[in-house]
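Down below is the structure, laid out as structure tokens.
Since every read-out is calculated from the coordinates, none of them should be taken as a lab result. The shown structure was predicted, so the numbers you read here are calculated from the model rather than taken from an experiment. Positions of Cβ are backbone-derived with ideal geometry, glycine not excepted, and every protein chain shown enters the neighbour counts.
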Amino acid sequence: MARSAQTLPIFSGAPVDTRRRPLRDVRLSVTDRCNFRCGYCMPAEVFGPDFAFLPRAELLTFEELALVAGELVALGARTLRITGGEPLVRRDLERLVVLLRELDANEALGGEPLDIALTTNGSLLAGLAAPLRAAGLNRITVSLDALDPATFARMSGSALPLQRVLEGIGAAVEAGFRGIKLNAVIRRGVNDGEIPSLVAYARAEGHTLRLIEYMDVGTTNGWRLDEVLPANEILARIHALHPVEPIAPSRPGEVANRYRYVDGRGEIGLIASVSAPFCGDCTRARVSADGRLYTCLFAAEGIDVKRHLRPVADPRALRDALRDRWTSRDDRYSELRDAATANRLPKVEMFRVGG
Ligand code: SAM
Ligand code: SF4
Ligand code: SF4
């Protein structure tokens, strides 16, 4: 069932889109490059050694990203999530965290600090968790689709060992991160057999596992509806192992439906973007690494914000452009999705705009 914007709090003065949805969450993509080739995102057959990723000069600098983020905070954003591509392949990422943390002084926040989060494949996290924490990062989500090394390799399309990701998660705990989330995209017939071991690992380590329906993002993953394991089936499988009961969302606009284990040993989230779309509550905007603002994960086009940054930044024009785009937003792709057309529409690739 589709959710509605009725549940969303609207802050005075904050703009809303044409469906009365405020802007709350921003994903900042810092690179389109990645050291994995997950078949559901960047299949190796398409993104081979000769693939032309963005030239460095096209990427927004950290200062430019922070400027855009600051204007989005003024329009209502309260969570900034750093993503990619693989965000940790961009050098000195902790410097961006420091610049984003400085936005806490933005008067729109009224003294309430921003929630700054990171989504990563975890493979480079071991050496970076401590500096990121010191820079002011609040939360980490690590994508982890399998614990069986062969299935992990098949899902990640990479020779990088699973052990590196597990060490990265361990380093995040060591650095003081709490409430770590583990994201697993489930593909029927590929890694659905991993659900029990992912559940056991997350419960044992005290992390929140979030199971994500395989989505028809981008145009290259050859998505098929029969590879989607619907969230209610995932839930039934988990419930049979460890009974769960639903709990309330931790905040409005949360994408995951939350459940807690009846035995008190933690919680899980299910992200049912295909079987139970949540466009009615969607408060997210995405900034691509080359400076385009997308108001839907499935949008074909984003507006060019870099033109308001170069050669000289014009914050006023930038804010007007961002506000105009948000107030004219009408996106609700997942509610309108049609399995027959899903692979034919033009759409931005997920590695360009993050999850
Ligand atoms: N590289 C980082 C990572 O994998 O965590 C950040 C970027 S990645 C695009 C962000 C999230 O999108 C990951 O959790 C990934 O599993 C998810 N994702 C990518 N393609 C997807 C798809 N087709 N369906 C569902 N989730 C997908
Ligand atoms: Fe890379 Fe993340 Fe996409 Fe996998 S999901 S290919 S790790 S960007
Ligand atoms: Fe938001 Fe677009 Fe996803 Fe709907 S399809 S929840 S509007 S990103």
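Assorted remarks:
- Kirkwood-type hydrodynamic radius, segment 17-59: 13.3 Å, calculated from all non-identical alpha-carbon pairs.
- Angle between the chain longest axis and helix 231-241 axis [Cα atoms, degrees, rounded to 10]: 40 degrees
- Measuring nothing but how far apart in sequence close Cα pairs (under 8 Å, 6+ apart) lie, relative to its length, segment 179-257 scores a relative contact order of 32 percent.
- Cα-based Kirkwood hydrodynamic radius, segment 209-355, one decimal, Å: 17.3 Å
- Working note: Karplus 6.51/-1.76/1.60 with θ = phi - 60° gives segment 181-186 the couplings 9, 10, 9, 10, 7, 9 Hz, where Gly and Pro are set to x.
- Centre separation in Å (Cα based) which lies between segment 138-197 and segment 210-264: 16 Å
- Cα-based convex hull, segment 210-289, per residue volume (Å³, whole number): 124 Å³
- Shape of segment 146-290 from the C-alpha gyration tensor: rounded (a/c under 1.5, with a ≥ b ≥ c the square roots of its eigenvalues).
- Across all Cα pairs in the chain, the calculated P(r) in 10 Å bins from zero up to the longest distance comes to 5, 25, 36, 27, 7, 0 percent per bin.
- Kirkwood hydrodynamic radius over Cα pairs of segment 127-229, then Stokes diffusion coefficient at 25 °C and 0.890 mPa s, in µm²/s: 167 µm²/s
- For segment 85-162, the Kirkwood hydrodynamic radius from C-alpha pairs, put into Stokes-Einstein at 10 °C and a viscosity of 1.306 mPa s, yields a diffusion coefficient of 112 µm² per second.
- The chain, relative contact order in percent, only Cα pairs under 8 angstrom and at least six apart counted: 24 percent
- Among Pro43, Ser197, Ala299 - extreme Cα towards positive end, dipole of the chain, charges at beta-carbon: Ala299
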